């Protein structure tokens, strides 16, 4: 449902939420190693997230990426909207360009309730709340 870039962005943001803060910043290499993703690919994603205010960064010898309290309060949907586009959750699961309520594909009615629930969940849950669940359940990145 989400692109690999979006999945990696979500994972990076959640990792930062758990392992960083104003006093502890992580480099692109730290994150890439922890998430087992390409350093170059992740660097572009982190730039995009920083430019749009979803994560924070600092330059200098103690610089790197981190999540401020303001970043932690953003909802999860903001990451998906930035990376995959605001309407990506509503795209046809079969990739049909003209799928809609008026012209549904065979899966449309079954998937629409799932989409509504997912959209509500992503909008209602903050990055900080999701990171807490990941940490509490000891999920691996």
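A few remarks follow.
- Failed condition for residue 77, given (1) over 16 Å from residue 8 (Cα atoms); (2) out of contact with any strand residue (DSSP E or B) (no Cβ under 6 Å at 6 or more places or on another chain); (3) in contact (Cβ under 8 Å) with a residue 40 or more places away in the chain: (1)
- Region 6-24: number of residues that are under 19 Å from residue 129 (Cβ atoms) and outside any helix (DSSP H, G or I): 2
- Filtered residues of region 42-52 (kept if farther than 14 Å from residue 10 by Cα and in contact (Cβ under 8 Å) with a residue 24 or more places away in the chain): 52
- Lone unmet requirement of (1) over 17 Å from residue 132 (Cα atoms); (2) surrounded by 16 or more Cβ atoms within 10 Å (Cβ to Cβ) for residue 63: (2)
- Restricting region 32-41 to residues that are in a helix (DSSP H, G or I) and in contact (Cβ under 8 Å) with a residue 24 or more places away in the chain, the residue that is farthest from residue 79 (Cα to Cα) is 34.
- Being under 22 Å from residue 5 (Cα atoms) and over 13 Å from the mean Cα position of the chain (by Cα) is a condition met by at least one residue of region 77-87.
- Failed item, numbered, when residue 3 is tested on (1) within 26 Å of residue 95 (Cβ to Cβ); (2) crowded, with 17+ Cβ neighbours inside 10 Å: (2)
- Residue in region 53-71 that is under 20 Å from residue 2 (Cα atoms) and free of Cβ contacts under 8 Å to residues at least 12 places away in the same chain present: no
- Consider region 13-24 and keep the residues that are crowded, with 20+ Cβ neighbours inside 10 Å and at pLDDT 95 or above. The one that is nearest to residue 46 (Cα to Cα) is 13.
- Residue match in region 14-27 (condition: closer than 21 Å to residue 141 by Cα, without any contact (Cβ under 8 Å) to a residue 40 or more places away in the chain and touching a strand residue (DSSP E or B) at 6+ places or on another chain (Cβ under 8 Å)): yes
The values are calculated or read from the model by the stated rules, or taken from the named source; none is laboratory data. Computed from a predicted structure; not experimentally measured. When we count neighbours, we look across all protein chains shown, and the Cβ atoms used for this are built from the backbone with ideal geometry, even at glycine.
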